[in-house]
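Novice: If you scroll down you'll find the structure; I have some questions about it.
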Amino acid sequence: MPELPEVETVRRGLAPFMEGRRIRELTLNRADLRFPLPEKFKTRVEGRKVEQLSRRAKYLVINLEDDLSLIAHLGMSGSFRIEEPDKALQPGAFHHERSKDQAHDHVVLRIGRDAEPDALIIYNDPRRFGFMDLIETSAIDTYPAFKALGPEPTGNRLSAQYLAERFKTKKGPIKSVLLDQTVISGLGNIYVCEALYRAHIRPTRAAMSVVTPTGKPSRQLEDLTRAIRDVIAEAIEAGGSSLRDHIQTDGSLGYFQHRFRVYDREDKPCLTEGCDGIVHRITQSGRSTFYCPVCQK
DNA sequence: ATCATGACCTGTTAGC
DNA sequence: TGCTAACAGGTCATGA
């Protein structure tokens, strides 16, 4: 599931339970996720205090003391949940029955501060497309997955002019180009569909077709740039609201309710004002694309 | 270089 | 009800 807004929601949800706490114990329930876990993962992490939780694109970055950062990617199906000790049980006892698929609880951090009871931070990932890694915080910009990342959708580095520069040589469909994390980072299948829908751009169009012959952004590309910003900012906001409502009930993070205007609405009416189109689903590069053939041109 | 495809995994759901 | 096939929010390696 997780695109940028979901990962940001996870970050915000975990931060109050992790920042300033010490990782007292790391339990590893298997030797690898998508990739093997790093050398001496357990011993390098145990005993360190969490300074800060940050995020780059779809990567969660847990800054630890002494120049170490734990990087976590949720892949398609990863999530975190928080379990606090149940005050009704014996001190130190945890509720462990809620999750349907504990079989996929791959990494468990026991974390605490002073005399407060410890909490458990549990990483669950059925499909195991996610991974974790360790890197020195001072070397984070050299991390291979980060080096090539394009700008964040809500950051200052993103502009219509920048996208025009990147698009002008790309003959492939604009949808695929927006999924390329080296062009812009953090977008995934859902939010690309949503952004193109808002900007009324057909996903099959060549990326270069929204750039003028002189290399300037077209009006549509300016609309798209705004749409990307807006759709991501709104989704982060929706994630924040769901956090407030949801976290206390089951402690799970990484999934939240969000209304999509075009994604997963095949054969349903287009929601654009005054448009009587029907949403189509096609496949591009092996992924589903949803769009309205009437108002996306 | 650019682009599309298949591979990695397991779970859920639509259709018969 | 049970079986099968298609599909799922992400990368990464490969080959045309």
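Just so it is clear, none of the values below were taken in a lab; they were calculated from the coordinates. Keep in mind that what you see is a predicted model, and the values were worked out from it rather than measured. In this analysis, Cβ positions are derived from the backbone assuming ideal geometry, glycine residues included, and neighbour counts consider all displayed protein chains.
Novice: Output the number of the condition that residue A:161 fails; it satisfies all remaining conditions of (1) more than 16 Å from DNA strand B (Cβ to nearest atom); (2) surrounded by 17 or more Cβ atoms within 10 Å (Cβ to Cβ).
Specialist: With (1) more than 16 Å from DNA strand B (Cβ to nearest atom); (2) surrounded by 17 or more Cβ atoms within 10 Å (Cβ to Cβ) applied to residue A:161, the lone miss is (2).
Novice: When the residues of region A:45-85 are filtered to those that are small (Gly, Ala, Ser) and under 23 Å from residue A:186 (Cα atoms), which remaining residue is nearest to the chain's Cα centre (by Cα)?
Specialist: The residue in question is A:57.
Novice: Quickly run through region A:260-279 and pick out the residues that are among the charged types (D, E, K, R) and more than 16 Å from DNA strand B (Cβ to nearest atom).
Specialist: A:261, A:273, A:276
Novice: Only one of A:240, A:215 is small (Gly, Ala, Ser) and in a loop (DSSP other than H, G, I, E, B). Can you tell me which?
Specialist: After ruling out the rest, the residue left standing is A:215.
Novice: If I filter region A:138-153 for residues that are in a loop (DSSP other than H, G, I, E, B), loosely packed, with under 15 Cβ neighbours inside 10 Å, within 16 Å of DNA strand B (Cβ to nearest atom) and of a type in the set (A, V, I, L, M), do I get at least one hit?
Specialist: Yes: one or more hits.
Novice: So which of A:194, A:165, A:152 ends up being over 18 Å from the mean Cα position of the chain (by Cα) and closer than 30 Å to residue A:224 by Cβ?
Specialist: Testing whether each residue is over 18 Å from the mean Cα position of the chain (by Cα) and closer than 30 Å to residue A:224 by Cβ leaves just A:165.
Novice: Let me ask you something else. Of the residues that sit in region A:164-187 and are surrounded by fewer than 19 Cβ atoms within 10 Å (Cβ to Cβ) and part of a loop (DSSP other than H, G, I, E, B), which one is farthest from DNA strand C (Cβ to nearest atom)?
Specialist: By that ranking, first place goes to A:168.
Novice: Scan region A:280-297 for residues that are within 16 Å of DNA strand B (Cβ to nearest atom), part of a loop (DSSP other than H, G, I, E, B) and either within 18 Å of residue A:195 (Cβ to Cβ) or β-branched (Val, Ile, Thr) (or both) and jot them down.
Specialist: Hit for region A:280-297 is A:285, nothing else.
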